[in-house]
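**Q** One structure is given below, represented as structure tokens, and several questions about it will come after.
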Amino acid sequence: MNCFALHLHDSHGGDRFDDVVQFIAADGSGSFGILAGHARMLAVLRYGLARFVDSAGRWHFLSLPGGVMSFADNRLTLATVRYFLGDERAGICRQLEDEMARLDSDVHSSRATLTEIEHALLRRLGEMSGRMQEKAGK
């Protein structure tokens, strides 16, 4: 059975599989599959689920918020901000949803904090400007 290597990379580290038979994912144009010996390829994967099968016939699922994938010399390399890997489809989909919700919440909190800082700075500048005008008027 012809196999290829799969290298996964995200901000938390990576994983490597040397016995991948088939990889299935989706980009902006739809779903596609890769087998050993595939031509060079570069794709921007969309948010969602990818899957691959190893030489023992076990399917593995990969949920990700998008990423960049390249295939060359029988090696598939996938880079993304974060991915979740597992053998149960529903579980890793839930993990991705939870992580994205947490990140959205963190971004919202950060924006709120920045807005508060900006308002405090504007108040302080207004106070300093008022004092300078008082001193100039004396």
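No value in this document is a laboratory result; all are computed from the given coordinates. Since we're looking at a predicted model, the values are computed, not measured. Positions of Cβ are backbone-derived with ideal geometry, glycine not excepted, and every protein chain shown enters the neighbour counts.
**Q** Would you mind checking the tilt of helix 89-137 against the longest principal axis of the Cα atoms of the chain, expressed as 0 to 90 degrees and rounded to 10?
**A** On a 0 to 90 degree scale, this one is about 20.
**Q** Which listed residue (G67, L42, M1) has the Cα farthest towards the positive end of the charge dipole for region 1-101, taking +1 on Lys and Arg C-beta and -1 on Asp and Glu C-beta about the Cα centre?
**A** The Cα lying farthest towards the positive end belongs to L42.
**Q** Now for a separate question. If Rh is defined by the Kirkwood formula over all Cα pairs and Rg also comes from Cα, what ratio Rg/Rh do you get for the chain? Please list the in-between numbers first.
**A** On the way: Rg = 24.3 Å, Rh = 17.9 Å.
We get a ratio of 1.35 for the chain.
**Q** Answer with one residue from F17, L122, G86: the one whose Cα lies farthest towards the positive end of the charge dipole of the chain, charges on Cβ with Lys, Arg +1 and Asp, Glu -1.
**A** Final value for the positive-end residue is L122.
**Q** How large is the dipole of the chain about the Cα centre if only Lys and Arg carry +1 and Asp and Glu carry -1, each at its Cβ, rounded to the nearest 20 debye? Walk me through the numbers on the way to the answer.
**A** Numbers: 16 positive and 18 negative charges, 126 e Å.
That gives a dipole near 600 debye.
**Q** A further question follows. Sum -39500 (n - 2.57) across every DSSP H segment of at least 4 residues in the chain, then divide by the residue count to get the 222 nm mean residue ellipticity, nearest 500.
**A** Helix contribution divided over all residues of the chain: -13500 deg cm²/dmol.
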